[in-house]
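*Asks:* Dumping the structure here so I can ask a few things about it.
The values are calculated or read from the model by the stated rules, or taken from the named source; none is laboratory data. Since we're looking at a predicted model, the values are computed, not measured. As a convention, Cβ positions derive from the backbone with ideal geometry for all residues, glycine included, and neighbour counts pool all protein chains shown. Side chains included, ligands, DNA and RNA excluded: accessible areas come from the protein's heavy atoms. Shrake-Rupley method; radii C 1.70, N 1.55, O 1.52, S 1.80 Å.
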Amino acid sequence: MREIDGASEPMVHDALEFASPPMRWFYATSYNRMVARAPRMWGEVYRRSEVPYRGYRQRGRTRLTMALCRGFLSAAERLRPDVILCTQFLPSEVFGTLRAQGKLKVPVVTAITDFSVHPIWVYGGMDRYFVATEDVREELEATGEVPRDRIEVTGVPIDPRFAVSIPPAEARRALELDPDPSRPTILLMGGGFGWGPIEGMLEVVLSLPDHVQALVIAGRNEQLREALAVRARGLEGRIKVHGFTDRVDLFLAASDLIVGKSGGLTCSEAMARGVPMAIFRPIPGQEERNCDYLQESGAAVRVHDFEDLRHRLTRFLTHPELLRSMRAKAEAIGRPRSAYDVARAVMQHG
């Protein structure tokens, strides 16, 4: 926003700042614990919450949410924004409801950050939606809650750095890898918190021929980073282990394939760089839906276990044309300038 208009004053807030202590505790513990310890249970919760729009369950949940988020309206009155952009479903639910009730005079817009629509995102009071694909626009319109002229296909907004291309050889040199394009480079990634069985993924990569290079991102999990570094000791020339990074754009520019999870942002970033995905055991729910979309688009494969991963990677090495085809399809659906497109639309709306 600042690049587009230097006079703009974007304010970024965690929506939980305006929620009650019970709501903050619930959000901080429930999802992370359930996904880590009982992903199938989370999948069941996700499916059961896909109730008809305006159903009694959704109305009941919204009433409870509004009771636990009374600070949202006062925050809007105190901060006095020209427009509110939501990138998560909690503020969408609260602000969209306040807008429908006529209690909030400020326009509210939402960027849906997945490749499918869950009812928890959908509120008739929303002034505008920004969505990942034309399929999502049709799905959102089909709910009957949002007219087509309120939906804009922009892609999921990602780091503006993705709008600037980086030659693969340059990216590999920056990350101290061999820039030779004949050497396949694989990115292993488990999200900012280092989720996912990255140690097992690394073992699979180490079983491949020595000309394969790998970048490993352990996120904020320092214990995991240290364990991975120990395993890669003596192989630092082709295996680079990193902790948290804010330069995912650089890592993807250096990579031929990413192995990891299918969160909405990760998928959008990979597609923006034209990097195919091997999605390892997606979490039931939104990750599975994102995985389905990328598979149908030909830009990803789903991997069920380590042996399956070994088979997939070996096949890519022996048939590089498969990876080239997937790369072309990833580039076709990538939206590297999505942040700029959303920013312009938000400021025009405000």
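*Asks:* Quick one: 3J(HN,Hα) in Hz for region 198-205, Karplus 6.51/-1.76/1.60 with θ = phi - 60°, rounded, Gly and Pro as x.
*Replies:* Karplus-based 3J(HN,Hα) across region 198-205 equals 5, 4, x, 4, 4, 4, 5, 4 Hz.
*Asks:* Sticking with this structure for a sec: Straight-line reach from LYS261: which lysines have a Cα under 29 Å away, not including same-chain ones fewer than 8 places off?
*Replies:* Leaving aside lysines fewer than 8 places away in the same chain, those within reach of LYS261 are LYS240, LYS329.
*Asks:* Which angle between 0 and 90 degrees, to the nearest 10, do you get for helix 89-100 versus the longest principal axis of the chain when only C-alpha atoms count?
*Replies:* 20 degrees
*Asks:* On the protein heavy atoms, probe 1.4 angstrom, tell me the percent of accessible surface of region 42-179 carried by carbon and sulfur. Write down the numbers at each step before the final one.
*Replies:* Working: 3330 of 6580 Å².
Carbon and sulfur together cover 51 percent of it.
*Asks:* Taking the alpha-carbon set of region 54-165, what are its Rg and Dmax in Å?
*Replies:* Looking at region 54-165, its Cα Rg and Dmax stand at 14.4, 48 Å.
*Asks:* Expressed in nm to one decimal, what extension gain is obtained for the pair HIS349 and LEU208 from 0.36 nm per residue of sequence separation less their Cα-Cα distance?
*Replies:* On the way: separation 141, 0.36 × 141 = 50.76 nm, distance 5.17 nm.
Roughly 45.6 nm would be gained on extension.
*Asks:* Also: How charged is the neighbourhood of LYS103? Take every other residue with its Cβ under 12 Å from the Cβ of LYS103, and add Lys/Arg as +1 and Asp/Glu as -1.
*Replies:* Numbers: positive: ARG70, ARG99, LYS105; negative: GLU77.
With Lys, Arg at +1 and Asp, Glu at -1, the neighbours total +2.
*Asks:* Taking H as built 1.01 Å from N, whose amide H comes closer than 5 Å to the amide H of LEU188, not counting residues under 5 places away?
*Replies:* Residues meeting the criterion, in which the H sits 1.01 Å from N, are LEU215, VAL216, ILE217, VAL259.
*Asks:* So between ASP149 and ALA7, what do we pick up on full extension, going 0.36 nm a residue minus the alpha carbon distance? Working shown, then result.
*Replies:* Values: separation 142, 0.36 × 142 = 51.12 nm, distance 2.83 nm.
Extra length available between ASP149 and ALA7 comes to 48.3 nm.
*Asks:* Ordered by packing density, taken as the mean number of other Cβ atoms within 10 Å over each peptide's residues, highest first, how do 172-178, 117-123, 338-344 rank? Don't skip to the end; give the middle numbers.
*Replies:* Numbers: 172-178: 16.9, 117-123: 21.9, 338-344: 20.1.
With the highest mean Cβ count within 10 Å placed first, the list reads 117-123, 338-344, 172-178.
*Asks:* Taking amide H atoms as placed 1.01 Å from N in the peptide plane, list the residues 5 or more away in sequence, or in a different chain, whose amide H sits under 5 Å from that of GLY243.
*Replies:* Amide H neighbours of GLY243, under 5 Å, 5+ apart: ALA218.
*Asks:* Give the distance, in whole Å, between the Cα centre of region 7-28 and the Cα centre of region 203-232.
*Replies:* A separation of 35 Å, based on Cα centres.
*Asks:* Oh, and also: Where only protein heavy atoms count, and the probe is 1.4 Å, what is the accessible area per residue for the chain in Å²?
*Replies:* Details: 16890 Å² over 350 residues.
For the chain, the per-residue accessible area is 48 Å².
*Asks:* Tell me the carbon and sulfur percent of the accessible area for region 252-313, rounded to whole percent, probe radius 1.4 Å.
*Replies:* Numbers: 780 of 1810 Å².
Reported share for carbon and sulfur atoms: 43 percent.
*Asks:* Using θ = phi - 60° and the Karplus relation 6.51 cos²θ - 1.76 cosθ + 1.60, list the HN-Hα couplings for region 243-256 in order, rounded to whole Hz, with x at every Gly or Pro.
*Replies:* Those phi angles translate into x, 5, 9, 9, 10, 4, 4, 6, 4, 5, 4, 7, 9, 9 Hz.
*Asks:* Given (i) 62, 51, 36; (ii) 63, 43, 35; (iii) 57, 41, 39 as candidate values of Cα extents along the principal axes in Å, which corresponds to the one derived from the coordinates?
*Replies:* Of the labelled values, this structure produces (ii).
*Asks:* Give me the percent of Cα-Cα pairs in region 206-270 that sit more than 21 Å apart, rounded to a whole number.
*Replies:* Details: 531 of 2080 pairs.
Tail fraction, whole percent: 26.
*Asks:* Here's a follow-up. Work out the FRET efficiency for GLU17 and GLU44 from their Cβ-Cβ distance, taking R0 = 30 Å, and round it to the nearest 0.05.
*Replies:* 0.50
*Asks:* Sorting check: for 317-324, 236-243, 211-218, which peptide has the highest mean count of neighbouring beta carbons within 10 Å, and how do the rest follow? Mind dumping the intermediate values first?
*Replies:* Values: 317-324: 12.2, 236-243: 17.9, 211-218: 22.2.
Packing proxy ranking, top to bottom: 211-218, 236-243, 317-324.
*Asks:* If you don't mind, another one. Going by alpha carbons, how many degrees (0 to 90, nearest 10) lie between the helix axis of 338-349 and the longest principal axis of the chain?
*Replies:* Its long axis makes an angle of about 10 degrees.
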